[in-house]
């Protein structure tokens, strides 16, 4: 029996770091999501140490088999980019210490995967996460839902329509047909946006 993957999703930040633990399988389910607030600590190196300690704590507690993190976006503020890159690097180093394979997703890729729109706002992403995972209460910070979005995006990449499927030999059907968007929509009706 194949064990369901446990995915640790991270939305890196030096002020607020979002994290989420998602159980994979046939239908993904939320284990936990929250944030690590770092604003009370003024020293950037102390913040990085707090990030490292939190990632280690999450890994030791939940035993994830997969690690997914949002890639830094390219903004105009170089200092912010450097700080974000450090936060991401510390989180990745903690995951690699436990021999977890690291997967990195651009913000647009996460939004596209969750909502079907790479330019979706944070509220649209939350509403889709709420619906797909049947979450009852919205967290206080979008950083937590961003982390959950990264974890769900990773789950979709692991189990999505582009993965090889069993070939259908009868008639003229082929593996290509079972990999089609039509087959994906049939298997995943909850991912269809109804406007």
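Before moving on, here are some points about what is shown:
- Alpha carbon centroid spacing (whole Å) that separates the range 1-67 from the range 76-142: 11 Å
- Sites residue 140 and residue 26, calculated FRET efficiency, Cβ-Cβ separation with R0 35 Å, nearest 0.05: 0.70
- Under 15 Å from a label point set 7 Å out along the Cα-to-Cβ vector of residue 93, the amide N atoms of the range 24-52 belong to 44-52.
- Residue order for 67, 73, 19, fewest other beta carbons within 10 angstrom first, comes to 73, 67, 19.
- Residue exposure sequence - 52, 154, 97 - by fewest surrounding Cβ within 10 Å: 97, 52, 154
- For 146, 43, the sequence from fewest to most other C-beta atoms within 10 Å is 43, 146.
- Ordering of 55-61, 98-104 by packing is 55-61, 98-104, highest average first (other Cβ atoms within 10 Å, averaged per residue).
Read-outs: derived from the displayed coordinates by stated rules, not from any lab. What you see is a predicted model; the values in this text were computed from it and never measured. All Cβ positions, even for glycine, are placed from backbone atoms using ideal geometry, and neighbour counts span all protein chains on display.
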